[in-house]
Amino acid sequence: MLRFIVKRVGLSILTLLIVSVIIFLMTSILPGDIAKQTLGRDASPEAFEVWNKEKGFDKPLVVQYGRWMGGLMTGDLGTSFKFALPVSEVLGPAAAKSAQLAIVALILIAPISILGGVAAAMNRGKKVDRLLTVGGLSAAVIPEFVWGVVLILLFGVVFRIFPVSAFPNEENPNIFNSVYHLLLPSIALLFVLFGYISRVTRAGVIEALDSDYMRTAVLKGLSRKTAVFRHVLRNALLPTIAVIATQVPYLVGGLIAIERVFNYPGFGNTLLKAVIARDFPLLQSAVFLTGLVVICFQLIADILFAILNPRIRQRVTE
Amino acid sequence: MSTNNIPTLELRSLEVAYTVRGIDRSVLRGVSFAIAPGEAYGLVGESGCGKSTAAFAAMRYLPRNGKITGGEIFFEGKNIVDIDEEDVAQLRRSAISMVYQNPSTALNPTIRIGKQIAEVFELNGVSSSDAMMMAEQALTRVQIADPARVLRRYAHQLSGGMAQRVVIAMALASNPRLLVMDEPTTGLDATVEAEVLDLVRELRRDTGTAVLFISHNLGVIRNMCDRVGVLYAGALVEQGATSDLFSNPSHPYTVGLLRCIPRGGLHKSTDRLDTIPGTPPALGLKFDGCVFVARCALADDKCRTQLPQMVTINVAHVARCFHSDKASSLPRSVEQIEYAPQVTGHSTKVGDALLNISHLSKVFTQDGHKVRVINDVSLTLGVGETLGLVGESGSGKTTIAKLLLGLTPPEEGGVVTLDGKGLAKTLNRRDVADVGAMQIVFQNPDQALNRRHSVTRIVGRAVERLRKFSLANAIARAHELLSGMRVDASLHSVRPVQLSGGLKQRVAISRAFAGAPQLVVCDEPTSALDVSVQAAILNLLVDLQKQDKTSFIFISHDLGVVRYISDRIAVLYLGRVVEFGTSQRVFNGPFHPYTEALLSSVPNIDGSTRKRIPLTGSVPSPSNPPSGCVLNPRCPRKAGSGYETLCETEEPNLNEVEPGHFMRCHIPMAKLKQLQS
């Protein structure tokens, strides 16, 4: 098992390196002269040169990449052009905010979607199943920001149950208040992800319900409920775990629209600002961080998979 | 057990229907039989005739679309058709258990074996620590090696035979009064099958459990059961004491079934197998008369219009037939034909050398270890002859087929020549003529035929490629081939899904014959088919051989089939040829000790008792073969032969022990003959 984890971590680091090269090259070949953008069109050529030199843009790409990577290792992510602050000071709080939203959303989404999927599978072909499947899919085709607006209008403006902003205005909000503010965007995300996750769960549970070992369990004399609980869930939830793990990076780094709608100073919002301002140091680090999150969760999913599935674990240990 | 007259299980006019597209279709039509305490009752019949449905109905476990539409099921005198789920569960927990066809998938892949067995004890109120101890005892009872270790294993770490022992242990854990066994040895090797059957017999003697035994294998049923029922199209057509029913079958269906089987001694050179014409009726078809009427050579107007009742043949032997007295003289559906003598003027004649395999080896790399799966195999085959390859799974039968076809290259030094011409090691380096000259027919035509193409296209494409025919000519030739294989012209444009298993295999054979092959490798071509269909396919293969002087390599785990169709036999063990010779020599002995054990493990359909020569332990891993003779740790003849030391230290050569008969054994022929007499 240890060997498996070490191998997986090694592979993840390699992937991350490749990702970093791609990010670096892409941001480097983006059109537009950064110096001109920053200093304005009328600045003198000398000023450009001085600026470029100061920022290191006159060096060969390899050297620039080396400097960037070196910075990443030591935690020095450079200085944001737009905010004139160290990138880490801009990204840090934003990432923390995004993580909060992701955690709240996940705690809401995972159990509800799994329960929905199991319920649909257990009532295959019946009304409950159709309602959950069709409802889930219908909800998923509507983009999350539309759900966001609808929810704000309904619960924030008409009924005034939830705040319209995801971010408390107080100085030091307590945890309950923070969570309370995050509920509405989380529900919007639930609508989008429920159909997907519950469908995968449903398929997994149905496969396990139809399996020979489930038949064995029932013919041993277990009640259907006990049999499902003991013999079906563990096998059925494997694909679900993988799907949820792949959705986590989206929840952390991909919620640009939701953050805009709920006026939430998260990671997505910051990323957007970096793109608009061509704030290269910020953009590079933000995208890199997103990649890091994606790879980390893939790794977590792989390890969880191995723990739950003895066949994979075995292959691993042998 | 009990001495009263209440049967353990009794089905009375049981009717079961499956709802397909909103319509109820009968699967069981008034089935009645009873199993006394301690009795073993067998149900036989071809696939789709309702055997498994009857078994699952007895467990009160039907598929989602299945329901009992009439009749009663009594368990120890109590009708269990209408009892509620909780009572059914209680019955399964304590009184009725089941053993399934695929033991490996019947076990939960993510839960340790110990916990799965212990669960049964816990359900009966045993504490979890005691339950684990009892699970170990349960495994000891089924004679599994190292029970304590097996407890901690997962299903995928067990061989098929071990998994079935675990399932049996689990079934017996509740001390059931009825054990339902649904094809418990189908898919297992003959040697493993024999061990499992021995175990079941022994356990039954100890526990006195009544058994409902389902199998399509008449030999197994004959050896395991006290009484037998024959099911056809969901109706019980004959029932009787086992020996009585087998020696005096009185329903045309039973007679037909028994005639399909290539049993001891039959050989293609003298006997053509009989088949049952036609196909079983579609699910849920309604009958005015006898269910078998459409396929029965004795059928008359009375059979078509009146439902026959059970007729008593003798004491406990009954048959549902108006003509049971004539059943034994049922006209053959397949005539014995005299094949025309060979056309003269051909350059080759039957028996001339065609295929020469010399020093073929194959090494696979598995987890960094070298595994020698084929070790120095040399064989020859003549024109128009069949070479049968036999051996337990893992002996290398299929790998040899792959090596011959160039699907995987042999190691350096291995040479395959066909008709005097050396073949390239891999398929893509062989020219079209070579590819066409050697073709294969697989076990499962479902997976071997492209389901998106029509039958004509599947065969025509092969003709076009292998014979360089124009498209129009290729299609014409495809029709010719298919008709020659008795695939009706009306079926030439359909896709494989619309065909029955037997027809699919005929299409696959047509495809193999597209390039006018000299050699066709048949890898378990009839293993997935019912016996009547198997007989028809075997007849077809023999006809083709007689017509075109095609040679076959025939791989099968069914020794009866191999014996019937083969001229020469090669017996494989751990990638080595241990015996090679004419069919007669190999099957009549003196045998190589491995061949002897293999042959003795086949359940005998003729009812003659024969001492089983057991192979102890399981097949060793080819990655770590035993020193000396690879068979020596399991060899039934080593002990007491006087050659023990030699056997354990030196690997014997494949010696010619008599003209045309090769054996890889240190024990001299004369000694073997003496030991085996």
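Just so you know, all these numbers are worked out from the coordinates, no wet-lab data involved. Everything numeric here is computed off the predicted structure, so don't read it as measured data. Note: ideal-geometry Cβ built from the backbone for every residue, glycine included; neighbour counts use all protein chains shown.
A few comments on the model shown:
- Partner shielding of B:89-97 amounts to 3, given as the average count of beta-carbon atoms from other chains within 10 Å of each residue beta-carbon.
- Candidate lysines for bridging to residue B:51, where Cα separation is under 20 Å - those fewer than 8 sequence places away on the same chain excluded: B:67, B:286
- Inter-centroid distance (Cα atoms) of the range B:367-387 relative to the range B:479-528, Å: 27
- Gyration tensor (Cα) of the range B:172-226, equivalent ellipsoid semi-axes in angstrom: 19, 12, 10
- For a straight C-alpha distance cut-off of 15 angstrom, the aspartates and glutamates reachable from residue B:78 (same-chain residues fewer than eight places away being disregarded) are B:10, B:87.
- Phi angles across the range A:219-224 convert, under the Karplus curve 6.51 cos²θ - 1.76 cosθ + 1.60 with θ = phi - 60°, into 3J(HN,Hα) values of 6, 6, x, 6, 6, 4 Hz, Gly and Pro given as x.
- For a label point 7 Å along the Cα-to-beta-carbon line of residue B:316, residues of the range B:34-51 with backbone N under 20 Å: B:34-45
- 11 Å cut-off, amide nitrogen to a point 7 angstrom out along residue A:207 Cα→Cβ, residues in the range A:223-257: A:235-240
- Taken over chain A, the alpha-carbon convex hull comes to 180 cubic angstrom per residue.
- The range B:93-145-the range B:31-62 distance, computed between alpha-carbon centres (Å): 24
- Where the Cα pairs of the range B:353-573 fall when distances are cut into 10 Å bins, in %: 8, 33, 36, 19, 3, 0
- Modelled FRET efficiency - R0 51 Å, residue A:67 with residue A:223, Cβ distances, 0.05 increments: 0.20
- Distance from the range A:213-292 to the range B:172-191 (C-alpha centre basis), Å: 45
- Largest GNM mean-square fluctuation among A:165, A:285, A:223, using chain A with Cα springs under 10 Å: A:223.
- Between residue B:364 and residue B:427, the FRET efficiency from the beta-carbon distance, with R0 = 30 Å, is close to 0.95.
- Of all lysines in the structure, those lying under 24 Å Cα to Cα from residue B:425, and not within fewer than 8 positions of it along the same chain, are B:362, B:370, B:397, B:402, B:468.
- Around residue B:425: net Lys/Arg minus Asp/Glu count, Cβ-Cβ under 10 Å: 0
- Rounded to two decimals, the Cα radius of gyration of the protein assembly as shown over 2.2 N^0.38 Å is 1.17.
- Each pair of Cα atoms in chain B enters the Kirkwood radius, and Stokes-Einstein at 25 °C and 0.890 mPa s then converts it into a translational diffusion coefficient of 91 µm²/s.
- Exposure proxy order (Cβ contacts within 10 Å, fewest to most) of B:566, B:269: B:269, B:566
- Overall form of the range B:589-676 per C-alpha gyration tensor (a/c, 1.5; a/b vs b/c): oblate
- Structure-based [θ]222 nm, chain A - -39500 (n - 2.57) summed over DSSP H runs of at least 4, per residue, nearest 500: -25000 deg cm²/dmol
- Per-residue mean of C-beta atoms belonging to partner chains within 10 Å, peptide B:99-108: 4
- Computed [θ] at 222 nm, helices only, for chain B once each DSSP H run of length n ≥ 4 contributes -39500 (n - 2.57): -9500 deg cm²/dmol
- Cβ neighbours within 10 Å from other chains - mean over B:118-125: 2
- Fewest-first ranking of B:238, B:412, using other Cβ atoms within 10 Å as the exposure measure: B:412, B:238
- Estimated inter-spin distance, residue B:332 and residue B:285, nm [label 7 Å along Cα→Cβ]: 2.6
- Rounded to the nearest 0.05, the FRET efficiency derived from the C-beta distance between residue B:247 and residue B:201 at R0 = 25 Å is 0.75.
- With the simple spin-label model, which puts each label point 7 Å out from Cα in the Cβ direction, the residue B:655 to residue B:606 separation comes to 3.1 nm.
- Charge sum, other residues only, whose C-beta stays under 15 Å from residue A:193's C-beta, Lys/Arg counted +1 and Asp/Glu -1: +1
- Approximate shape of the range B:1-94 as ellipsoid semi-axes (Cα gyration tensor, √5λ), whole Å, largest first: 23, 16, 11
- Sum of side-chain charges, residue A:102 neighbourhood, beta-carbon under 14 Å (Lys, Arg +1; Asp, Glu -1): -1
- The residues B:139, A:85, when put in order of fewest to most other Cβ atoms within 10 Å, stand as A:85, B:139.
- Spin-label pair residue A:179/residue A:44, simplified geometry with 7 Å Cα→Cβ offset, distance in nm: 6.1
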